[in-house]
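**Q** My structure is below; once you've seen it, I'll send some questions.
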Amino acid sequence: MRTYSSEADKLNAAISGTIASFTPPEDITVTQWADKKRRLSPESSAEPGPWRTSRTPYLKEPMDAVTDPKVKLLVMVASSQVGKSEFELNSIGYIIDQDPGSILYIQPTIDDAKKFSKLRVAPMVRDCRTLRSKVADPKSRDSNNTILQKSFPGGMLTICGSNSASALASTPVRYVIGDELDRWAGSAGKEGSPWELAKARQTTFYNAKSLAVSTPTIKGHSAIADLFNTGTQERWHHRCPECGEYHDIVFNDIRFEYDTTEIRGKKHYTVRSVSWVCPSCETPHSEREMKAQPAKWVAANPAAYANGVRSFWLNAFSSPWASWASLILAYLEALGNSEKLQVVYNTKFGELWEDRGDLEDEESIMGRRETYDAELPDGVLVLTCGVDTQDDRLEYEVVGHGRWGEKWGIKRGVIMGRPDTANVWQTLDDIVDHQYSFANGVKLKISTTFVDSGGHYTQDVYSACRDRMYRKVFAIKGRGGEGVPYTSPPKKTNIVIKGRYIGQCWLYTLGVDSGKQAIMDSLRVREPGAKYYHFPRNQDLGYGTEFFAGLLSERLVYKQGRQNPWVWEKIPGHERNEALDCRNYANAAFKATGADLDAIAQRLSALADGGQKPPPKRRAAQPQPRRKTGGIDRYFNEW
């Protein structure tokens with residue numbers, strides 16, 4: 001948050017002294033307790049030994065807010081590598097030692113709960129003498145110390161998963177600590193919200209306190225972001241050395257330079273420089289400069305303190321363990337893969353993920369078109385064709401595939417006519433049988449064609465594909481949903497036309513959602529090379545405005561409450577998605593071929609040099625066993 005109203009600034013200044021000036025009942029804060037008694041365990045810390053709050057000064061106020069009697073709810077939104085787990089452990093240790101009461105600690109799943117207990121809580125108790133003397137010995141015969149329950153004088157620590165309704169709704173507790181709320185189950189069995197169930201157990205305690213901690217996830221669907229907005233909305237601000245203004249360091253204000261090398265089609269990055277540009281004076285500053293500057297928490301909604309809610313938001317740019325170069329390197333390596341990019345935004349930049357608009361619109365991608373000097377540009381090694389079936393036409397795209405996911409649009413068109421008429425398929429034959437030429441005269445034919453069999457002419461498509469099996473024209477059926485493989489081995493399916501059985505054909509099932517995601521990820525790549533998509537400018541090849549509107553006709557949206565919440569939907573005004581489907585089918589056809597691109601490149605090179613194909617091997621007179629082959633070829637042996 002960049003600016004605040006003058007009223008908010010005044011209110012923030014007015015309460016800052018109030019927040020810091022209270023005296024906890026035990027006359028010791030969580031910070032003081034941790035600096036005096038906490039030891040970091042070697043299993044879980046890169047810096048084992050005594051805890052030092054000075055190493056992470058941004059944790060002081062959140063930790064001390066735990067002992068502020070005015071604070072009833074404390075919210076921490078944090079990326080990784082900032083010490084948020086240690087913040088929770090320090091709070092638990094303080095409660096056990098200084099202000100005992102029953103604690104309910106909630107992880108997303110029971111497996112997470114067991115892991116946290118074994119790897120974090122147990123080592124902390126073992127290595128802190130004051131805790132070791134109070135938490136029951138797990139080795140004693142009648143101990144109340146188990147993996148998920150640890151007793152101590154004045155209370156018990158219960159650790160559970162968010163989907164455990166019985167643990168969330170049983171005995172009263174004074175403290176509730178929720179970890180990774182954005183990964184919690186939507187409902188604890190049939191009991192409803194896990195957070196509300198846990199909070200209901202605190203109603204008998206006048207001094208109850210709740211801590212909610214999580215990495216942010218998806219904008220508009222983040223429980224921790226919603227809780228953050230109910231509180232003081234504090235962010236860790238650094239002072240600009242040039243103008244003296246305080247700002248939080250966020251990715252949008254980071255500038256960086258890097259070098260790229262390509263080894264076997266994979267890009268490798270070297271970050272040369274990273275700097276932060278002050279939003280007020282636009283002066284760049286290095287990581288060393290900024291981490292040496294004074295910093296403080298600044299509240300956007302300080303009035304929430306009166307309601308007992310303090311909330312903090314922290315990212316890894318302030319971490320002593322994460323260098324800025326490492327954060328930028330993670331970003332660069334995630335480009336082209338939206339799942340990896342979301343992880344970087346959530347866990348490194350500490351930002352909510354959304355459709356950020358980093359995918360260009362159709363006009364921008366159309367502007368990338370280039371002039372081909374032949375039907376096939378250099379780099380193409382395999383051709384495939386994807387065909388979408390409509391009631392009155394077939395739409396197709398021929399796609400060239402190169403090494404490392406680089407692809408070229410070759411030709412796109414429409415064949416008018418119903419799919420149950422012979423002339424439509426004869427026109428498609430001309431496309432499939434055509435020999436496409438490189439500038440050096442070498443020619444390629446389409447290796448495989450995938451034809452959509454959905455719609456009202458399924459059996460006619462089956463029949464046409466059966467007749468063209470030896471042209472490697474295959475019927476496909478698309479399936480949506482998470483976890484469906486992009487391509488699976490085909491199965492034989494019956495062909496029945498007008499009630500008459502006429503045979504069988506191969507049918508491929510495609511995971512169309514994963515294919516669409518791969519297309520969108522590749523369209524984000526803006527430099528020719530691995531995963532880059534090329535499109536021709538040549539007017540007669542079909543790559544005009546309509547094609548690009550169709551290619552970008554859908555987007556992935558999040559539907560809360562569904563088993564598979566991510567759904568592809570058409571963008572308003574982009575009702576024609578045939579171009580996206582055709583590219584999806586052509587890409588799937590290439591994946592199904594199992595082509596050896598290195599071997600193909602060698603053959604094409606030999607032909608370009610005037611070399612001759614090796615003479616065919618003479619067949620033996622006696623029958624030979626079936627040869628094992630890869631990709632689509634293996635299914636011809638089974639027919």
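**Q** Scan the strands (runs of 3 or more DSSP E) fully inside the stretch 146-225 and keep the ones with 2 or more residues being touching a Lys or Arg at 6+ places or on another chain (Cβ under 9 Å) and either modelled with pLDDT of 85 or more or buried (at least 17 other Cβ atoms within 10 Å of the Cβ) (or both).
**A** 155-161, 175-179, 209-214
**Q** Show the residue pairs that are 6+ apart or on different chains and have beta-carbon atoms under 8 Å apart, the first residue being within the stretch 34-62 and within 16 Å of Asp97 (Cβ to Cβ), the second being of a type in the set (Asp, Glu).
**A** Note: pairs meeting the criteria are Lys37/Asp97; Arg39/Asp127; Pro50/Asp35; Trp51/Asp35; Trp51/Glu86.
**Q** I'm told Gly481 meets every condition in (1) surrounded by 16 or more Cβ atoms within 10 Å (Cβ to Cβ); (2) in contact with a helix residue (DSSP H, G or I) (Cβ under 7 Å, 6 or more places away or on another chain) except one. Can you identify the failing condition by its number?
**A** All conditions are met except number (1).
**Q** Inside the stretch 501-531, can you point out the residues that are of a type in the set (Ser, Thr, Tyr) and buried (at least 20 other Cβ atoms within 10 Å of the Cβ)?
**A** The one that is of a type in the set (Ser, Thr, Tyr) and buried (at least 20 other Cβ atoms within 10 Å of the Cβ): Tyr508.
**Q** If only one of Lys291, Lys296, Lys267 is at negative phi and touching a Gly at 6+ places or on another chain (Cβ under 8 Å), which one is it?
**A** Of the residues listed, the single one that is at negative phi and touching a Gly at 6+ places or on another chain (Cβ under 8 Å) is Lys267.
**Q** Quick one: which residue in Tyr533, Tyr486 is under 15 Å from Glu397 (Cα atoms) and of a type outside the set (A, V, I, L, M)?
**A** Tyr533
**Q** Collect the residues in the stretch 292-349 that are aliphatic (A, V, I, L, M), crowded, with 21+ Cβ neighbours inside 10 Å and under 22 Å from the mean Cα position of the chain (by Cα), keeping them in residue-number order.
**A** Within the stretch 292-349, Leu314, Ala316, Leu327, Ile328, Val344 meet the criteria.
**Q** To continue, here is another question. Within the stretch 90-135, how many residues are within 27 Å of Leu197 (Cβ to Cβ) and either assigned to a loop (DSSP other than H, G, I, E, B) or modelled with pLDDT under 90 (or both)?
**A** 7
**Q** Can you tell me which residue within the stretch 71-85, out of those that are surrounded by fewer than 21 Cβ atoms within 10 Å (Cβ to Cβ) and modelled with pLDDT under 95, is nearest to Val343 (Cα to Cα)?
**A** Step by step, filter the stretch 71-85, then rank; the result is Ser80.
**Q** Now a separate question. Just to verify a result, which residue in the stretch 399-425, among those that are of a type in the set (Gly, Ala, Ser) and within 41 Å of the chain's Cα centre (by Cα), is surrounded by the most Cβ atoms within 10 Å (Cβ to Cβ)?
**A** Selected residue: Gly400.
**Q** Name every residue in the stretch 69-94 that is more than 15 Å from Phe312 (Cα to Cα) and of a type outside the set (S, T, N, Q), in order of residue number.
**A** Hits for the stretch 69-94 are Pro69, Lys70, Glu86, Leu89, Ile92, Gly93, Tyr94.
**Q** Those residues that are among the small types (Gly, Ala, Ser) and more than 14 Å from Ile159 (Cα to Cα), I need them from the stretch 102-136; list them, please.
**A** Those that are among the small types (Gly, Ala, Ser) and more than 14 Å from Ile159 (Cα to Cα): Ser133, Ala136.
**Q** If you don't mind, there's one more thing I want to ask. Tally time: how many residues in the stretch 422-440 are assigned to a loop (DSSP other than H, G, I, E, B) and either more than 18 Å from Gly402 (Cα to Cα) or β-branched (Val, Ile, Thr) (or both)?
**A** 1
**Q** Check whether at least one residue in the stretch 426-444 is of a type in the set (Gly, Ala, Ser), under 35 Å from the mean Cα position of the chain (by Cα) and on the phi < 0 side of the Ramachandran plot, and report yes or no.
**A** no
**Q** With respect to Asp361, determine if the residue is within 30 Å of Gly455 (Cβ to Cβ) and within 27 Å of the chain's Cα centre (by Cα).
**A** Answer is yes for this residue.
**Q** Failed condition for Thr493, given (1) touching a strand residue (DSSP E or B) at 6+ places or on another chain (Cβ under 7 Å); (2) more than 18 Å from Lys472 (Cα to Cα); (3) modelled with pLDDT of 90 or more, with all others met?
**A** Tallying (1) touching a strand residue (DSSP E or B) at 6+ places or on another chain (Cβ under 7 Å); (2) more than 18 Å from Lys472 (Cα to Cα); (3) modelled with pLDDT of 90 or more, Thr493 fails exactly one: (2).
**Q** I've got another one for you. Could you tell me whether Arg555 is in contact with a Phe, Trp or Tyr (Cβ under 9 Å, 6 or more places away or on another chain) and either crowded, with 18+ Cβ neighbours inside 10 Å or among the small types (Gly, Ala, Ser) (or both)?
**A** When the stated conditions are applied, Arg555 does not pass them.
A quick yes/no check of all residues on (1) modelled with pLDDT of 85 or more; (2) surrounded by 12 or more Cβ atoms within 10 Å (Cβ to Cβ); (3) outside any helix (DSSP H, G or I); (4) acidic (Asp, Glu):
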| site | (1), (2), (3), (4) |
| --- | --- |
| Ser16 | no, yes, no, no |
| Glu26 | no, yes, yes, yes |
| Gln32 | yes, yes, no, no |
| Asp35 | yes, yes, no, yes |
| Pro42 | yes, yes, yes, no |
| Ser45 | no, yes, yes, no |
| Asp64 | yes, yes, no, yes |
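**Q** Is it fair to say Gln81 is part of a loop (DSSP other than H, G, I, E, B) and either in the same structural domain as Asn207 (by TED's automatic domain parsing) or free of Cβ contacts under 8 Å to residues at least 60 places away in the same chain (or both)?
**A** yes
The values are calculated or read from the model by the stated rules, or taken from the named source; none is laboratory data. Not measured: the values here are computed from a predicted model. FYI the Cβ positions are ideal-geometry reconstructions off the backbone, even for glycines, and counts take in every protein chain you see.
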